[in-house]
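Asks: Let me give you the structure first, and then I'll get to my questions.
Throughout, read-outs are computed from the coordinates displayed, never taken from laboratory work. Everything numeric here is computed off the predicted structure, so don't read it as measured data. Glycine gets a Cβ as well: all are built from the backbone with ideal geometry, and neighbour counts include every protein chain shown.
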Amino acid sequence: MKNIIPISKFKEGQSIQGFYLCIEKKLRHTRTGELYIDILLRDQTGQVQAKIWNKIKELDKKFSAGDPVAVKGSVEIFIDDFQLVIQRINKATVQRYARYGFDPALIVPTSRFDANKMWKEVISIIRSIKNPYIKKLIYSVYTTNKHKLMKHPSTILHQYSYRSGFLEQTLSLAKAGKFFSRHYRLDSDLVLAGVFLFDIGKLEAIESNYKSNLSKAGNLLGHVALGRNIIMASAKKIKKFPSELLLQIEHIMLAQHNYNEGQSQVTPMFKEALLISMITSLDSQMSIMKKIIEEDKDSQDFTSHYNFFKTTIYKKN
């Protein structure tokens with residue numbers, strides 16, 4: 001496959017070849033009863049409606065909603081917007097299509113930072129931790145889950161909800177945590193333990209391939225319980241891990257979520273726990289506001305008020 005065309009570069013009358021993510025796929029009938037396939041495709045640059053009018057039974061077997069697809073088609077205008085008429089389509093895999101330029105990172109929203117560089121920075125920060133038990137605990141959890149951490153989003157819909165978003169948020173919080181630990185003279189190692197571990201359960205709660213969804217365990221148990229399980233299991237493997245320290249780490253995780261979600265069962269009871277609850281809330285809301293501004297394509301100075309903050313956002317330069 002040559003001359004891969006991203007959706008943002010589509011032009012009327014253009015013949016295209018490219019790799020996209022199939023967000024939706026529905027079998028429909030025309031007014032005359034003819035069967036066709038209605039599709040919504042997405043890549044990093046945008047999304048487009050697509051149709052398959054011919055070879056319906058043959059092409060229907062080749063892909064499903066949620067699959068990355070290799071597509072050949074032509075661009076038309078329908079109701080003042082682009083529409084892709086597909087002639088050929090197949091499920092795209094790295095094994096089959098990498099030599100033609102297929103890269104999963106091209107078809108899903110991805111961190112603007114390189115995942116390998118972020119991983120190296122994460123490991124560098126972990127190695128800088130002085131408390132040997134905290135260092136061993138975080139290092140064990142992170143190296144065990146490296147494959148997931150390299151690509152995992154932080155959330156499905158809100159803050160850092162893109163490929164490698166979990167790593168990006170972790171680094172952002174680690175930098176903020178180190179700064180405020182110095183400013184308020186806190187235990188920086190304990191703060192970093194909270195930063196690195198408070199949301200670790202999302203690795204089990206969110207199924208993240210091309211389209212993120214809650215896993216069965218994520219739905220039934222929630223990421224907080226799953227995270228606690230990961231931390232407890234890892235701590236048990238470390239000889240003579242201090243019970244008081246483990247209790248503090250558990251408290252940070254539970255207090256952060258309860259405090260920010262308006263619950264009162266566990267609220268921050270020491271300074272490091274309070275700091276984690278504050279910086280995670282701040283960092284998440286900054287990410288959400290950035291996303292709202294970036295996704296608003298209107299040329300006006302302010303966004304719509306239909307968003308997370310329920311108010312218009314000023315899109316200043």
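Asks: Between Ile293 and Asp103, what length comes free when the chain is fully extended (0.36 nm per residue of separation minus the Cα-Cα distance, one decimal in nm)? Walk me through the numbers before you get to the answer.
Replies: Working: separation 190, 0.36 × 190 = 68.40 nm, distance 2.70 nm.
That pair, Ile293 and Asp103, stretches by 65.7 nm at full extension.
Asks: State, to one decimal in nm, how far the label point of Tyr184 lies from the label point of Lys240, with both points 7 Å from Cα in the Cβ direction.
Replies: 3.2
Asks: May I ask for the net charge around Asp38, where only other residues with Cβ less than 11 Å from the Cβ of Asp38 are counted and Lys, Arg are +1 while Asp, Glu are -1?
Replies: That sum, taken over residues with Cβ under 11 Å, equals +3.
Asks: Once the stretch 7-106 is represented by equal point scatterers at the alpha-carbon sites, with solvent omitted, what log10 I(q)/I(0) does the Debye formula produce at q = 0.11, 0.16 Å⁻¹?
Replies: Relative scattering, expressed as log10 I(q)/I(0), comes to -0.30, -0.64.
Asks: Using only the alpha carbons, work out the radius of gyration and Dmax of the chain in angstrom.
Replies: Using the Cα atoms of the chain, the pair Rg, Dmax is 23.0, 74 Å.
Asks: With the cut-off at 22 Å, tell me which of the pairs Lys291/Lys315; Lys72/Lys297; Lys136/Lys178; Lys91/Lys216; Lys120/Lys240; Lys117/Lys175 have Cα atoms farther apart than that.
Replies: The answer is Lys72/Lys297; Lys91/Lys216; Lys120/Lys240.
Asks: Right, here's the next one. Determine, for His152, His147, the number of other Cβ atoms within 10 Å of each Cβ, and report the residues in order from fewest to most.
Replies: Listed from fewest to most nearby Cβ atoms, that is His147, His152.
Asks: Moving on. Going by C-beta contacts inside 10 Å, put Asp103, Asp301, Asp283 in order with the fewest on the left.
Replies: Asp301, Asp103, Asp283
Asks: Assuming R0 = 30 Å, can you tell me the calculated FRET efficiency for the pair Tyr314 and His158, based on Cβ-Cβ distance, to the nearest 0.05?
Replies: For R0 = 30 Å, the calculated efficiency reads 0.90.
Asks: With the contact rule set at Cα under 8 Å and sequence spacing of 6 or more, what percent relative contact order holds for the chain?
Replies: 11
Asks: While we're looking at this one, here's another question. Within 10 Å, count the other beta carbons around each residue, average over each peptide in 119-127, 83-91, and list them highest first.
Replies: Result, highest mean Cβ count within 10 Å first: 83-91, 119-127.
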